[in-house]
1. Of the conditions (1) surrounded by 14 or more Cβ atoms within 10 Å (Cβ to Cβ); (2) at pLDDT 90 or above; (3) touching a helix residue (DSSP H, G or I) at 6+ places or on another chain (Cβ under 8 Å), Trp249 fails just one. Which one is it?
2. Ala242 passes all but one of (1) outside the structural domain of Pro118 (by TED's automatic domain parsing); (2) surrounded by 13 or more Cβ atoms within 10 Å (Cβ to Cβ); (3) modelled with pLDDT under 95; which number fails?
3. Any residue at all in segment 260-277 that is more than 30 Å from Gln162 (Cα to Cα), among the acidic types (Asp, Glu) and at pLDDT 90 or above?
4. Considering only residues that are surrounded by 16 or more Cβ atoms within 10 Å (Cβ to Cβ) and either hydrophobic (A, V, I, L, M, F, W, C) or within 21 Å of Pro118 (Cβ to Cβ) (or both), which ones fall in segment 201-233?
5. Across segment 68-111, what is the total count of residues that are within 17 Å of Tyr56 (Cα to Cα) and touching a strand residue (DSSP E or B) at 6+ places or on another chain (Cβ under 7 Å)?
6. Could you run through segment 67-86 and say how many residues are touching a His at 6+ places or on another chain (Cβ under 7 Å), part of a loop (DSSP other than H, G, I, E, B) and either of a type in the set (Lys, Arg) or surrounded by 24 or more Cβ atoms within 10 Å (Cβ to Cβ) (or both)?
7. Would a scan of segment 254-274 turn up a residue that is loosely packed, with under 12 Cβ neighbours inside 10 Å and farther than 23 Å from Cys75 by Cβ?
8. Being among the aliphatic types (A, V, I, L, M) and at pLDDT below 65 is the filter here, so list the residues in segment 117-160 that pass it.
Amino acid sequence: MNRHALSLGRTAFFAAAWCLWAFALTDAQTDSRAAQPQSTRHGAVATQNSSARKTYSPDLVDAGRTLFRQDCSFCHGRDATGGETGPDLTRSRLVSQDHDGDRIAPVVHNGRPDRGMPPFDLSADQVESLVAFIHTQQNSTLADSGRGGNGGRRGVDPSDLQTGNVEAGMKYFNGAGGCAACHSPTGDLAGIASRYQGLELEEQMLYPKNAKSRVTVTLASGQTVAGRLAYQDEFTIGLVDASGVYRSWRTRDVHFAIDAPVNAHVELFPKYTDADIHNLMAYLQTLH
């Protein structure tokens, strides 16, 4: 997957997930289409009924395995059987109902930013190889344990998150990524690689948990009050000011502006390349 967010992203990085983040294939709608005979230009065996499963050429599966472990294993595990945050794709309804990538491809190309999964800019051949690998893994899992099994969640290997270039990551941090505008390796990020390791670090990079939003409220008198955002709905805005006191107002009586740091991370999802994520992760791993 190519635009990954989660290498922080793509690779075994964003998460998420990220990784948030998710290739949320388990949330896809089911459909009633019956399995029909199919063929593939890569020599797949045509399915004859709903119980027969399509197979793929070893070369295509190997290509998909390499790409998956680079871009997807950070959330979904090295073998697509589930990671720390991503679902087990071998037991996904969406994967089971996918026909030659018709369901998997849109998720890959469009991502699920609301769940920490960035879009990936992959070629048709790359997507085809991913589809081959994921289906092959599903076939193997179902053959071993059947649909009633528990899956084989193996988590994420730390080595999956250590494939980037530190110097390139530092350059991205200080330049195109815009990270230095809000963060400092000697300030808020000092020692971050000691506080978070592996997937946890990547998740913090892609979609920081516990990132506090701040709000500035302008009263009718023109006075401004700033503090940590504590509450917000259609009718009320509340904050905790510098002295630790909670204060709130009716939204119709004031003007307010919210500064949500996590939004800057979300906005990067469609901009990341695989290399950006891996390199940035490599750089952050040096900040002990």
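The values are calculated or read from the model by the stated rules, or taken from the named source; none is laboratory data. Note that the structure is a prediction, hence the values are computed from the model and not measured. FYI the Cβ positions are ideal-geometry reconstructions off the backbone, even for glycines, and counts take in every protein chain you see.
1. Just one mismatch for Trp249, condition (3).
2. The single condition Ala242 does not satisfy is (2).
3. Narrowing segment 260-277 to residues more than 30 Å from Gln162 (Cα to Cα): none.
Checking segment 260-277: not a single residue is more than 30 Å from Gln162 (Cα to Cα), among the acidic types (Asp, Glu) and at pLDDT 90 or above.
4. Applying the first criterion (surrounded by 16 or more Cβ atoms within 10 Å (Cβ to Cβ)) to segment 201-233 yields 201-207, 215, 217, 225, 227, 229-230, 232.
Answer for segment 201-233, where residues must be surrounded by 16 or more Cβ atoms within 10 Å (Cβ to Cβ) and either hydrophobic (A, V, I, L, M, F, W, C) or within 21 Å of Pro118 (Cβ to Cβ) (or both): Leu201, Glu202, Glu203, Gln204, Met205, Leu206, Tyr207, Val215, Val217, Val225, Leu229, Ala230.
5. Summing the residues that are within 17 Å of Tyr56 (Cα to Cα) and touching a strand residue (DSSP E or B) at 6+ places or on another chain (Cβ under 7 Å) in segment 68-111 gives 0.
6. First, pick out the residues of segment 67-86 that are touching a His at 6+ places or on another chain (Cβ under 7 Å): 71, 82-83, 86.
Those left that are additionally part of a loop (DSSP other than H, G, I, E, B): 82-83, 86.
Now narrow it down to the ones that are either of a type in the set (Lys, Arg) or surrounded by 24 or more Cβ atoms within 10 Å (Cβ to Cβ) (or both): 83, 86.
Count: 2.
7. Yes, segment 254-274 contains at least one residue that is loosely packed, with under 12 Cβ neighbours inside 10 Å and farther than 23 Å from Cys75 by Cβ.
8. First, pick out the residues of segment 117-160 that are among the aliphatic types (A, V, I, L, M): 117, 122, 124, 127, 130-132, 134, 142-143, 156.
Once the filter is applied, which keeps residues that are among the aliphatic types (A, V, I, L, M) and at pLDDT below 65, segment 117-160 yields only Val156.
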